[in-house]
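To keep things clear, I will list the structure first and then write my remarks on it.
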Amino acid sequence: MRILLVPIFIISMACFGMGSKPPVKVPDVVTLPQPSPVHVEIQILKLTGYSPKQEVRYRKVIARTEEVINSEAFKARVLNFQHKGKAQFFDTLDSNQTVLTKVLSKHWPLDSRLEYMRKGSSTIGYTYSSVQWLALNARKFDGLSDKELSANLCHEMGGHKIGRYGHSSNYTSNRPLSGPYALGAICSDLY
């Protein structure tokens, strides 16, 4: 892991005849990702239930999401993610480096299907550890932005399938800081 050292400048206003003010502290260490020769590919195994128009759109989202997860910006955001002032995700004992290593450790085999979930459901998508597929809510698909679809893909594939991380099924204030939700938010931000 490369470490970028940033000099700490302490500026004393007294030097400029403006009286004495407290010094300004600049962070002295920022963690940067090592350039990675690894290129993660999202391998589309099967897309089921999508109209031709929806499939074209989702394939574009998948391609852009692949660019995002392979970017140095994504790696830096994962490595520098913080929960309660510490470099960690909520609900995991893994270090941020381990989270990143898991997410980038292998290709993402995508078997996705559109599924009509009950009316009024807030669920965008879901998967189980015992299956290969992930399901997207067909009632929501067309109304979601590309960024939201990318976030869901990173949440389900990177967070649950590849990373094997979980989160509370009910909303809590810490759920957005869990591996799946945080990875989804990072993908959305960088999309």
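In the set THR172, THR127, THR98, THR123, only one residue is surrounded by 17 or more Cβ atoms within 10 Å (Cβ to Cβ) and without any contact (Cβ under 8 Å) to a residue 60 or more places away in the chain; that residue is THR127.
The residues of segment 92-126 that are under 17 Å from the mean Cα position of the chain (by Cα) and β-branched (Val, Ile, Thr), listed by number, are THR92, THR98, VAL99, THR101, VAL103, ILE124.
Where residues in segment 152-191 are among the charged types (D, E, K, R) and farther than 15 Å from PHE89 by Cα, which of them is farthest from the chain's Cα centre (by Cα)? Looking at residues that are among the charged types (D, E, K, R) and farther than 15 Å from PHE89 by Cα, I get LYS161.
Taking HIS155, is it at pLDDT below 95, in contact with a strand residue (DSSP E or B) (Cβ under 6 Å, 6 or more places away or on another chain) and surrounded by 18 or more Cβ atoms within 10 Å (Cβ to Cβ)? No, not satisfied.
Residues that are within 24 Å of GLN43 (Cβ to Cβ) and assigned to a loop (DSSP other than H, G, I, E, B): does segment 171-191 have at least one? Yes, because at least one residue in segment 171-191 is within 24 Å of GLN43 (Cβ to Cβ) and assigned to a loop (DSSP other than H, G, I, E, B).
For every residue, the table says whether it meets (1) hydroxyl-bearing (Ser, Thr, Tyr); (2) modelled with pLDDT under 90; (3) crowded, with 16+ Cβ neighbours inside 10 Å; (4) assigned to a loop (DSSP other than H, G, I, E, B).
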residue: PRO37; (1), (2), (3), (4): no, yes, no, yes
residue: VAL40; (1), (2), (3), (4): no, no, yes, yes
residue: ILE44; (1), (2), (3), (4): no, no, yes, no
residue: TYR50; (1), (2), (3), (4): yes, no, yes, yes
residue: ARG59; (1), (2), (3), (4): no, no, no, no
residue: ILE62; (1), (2), (3), (4): no, no, yes, no
residue: VAL68; (1), (2), (3), (4): no, no, yes, no
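The values are calculated or read from the model by the stated rules, or taken from the named source; none is laboratory data. Quick caveat, the model's predicted, so the values are computed rather than measured. Positions of Cβ are backbone-derived with ideal geometry, glycine not excepted, and every protein chain shown enters the neighbour counts.
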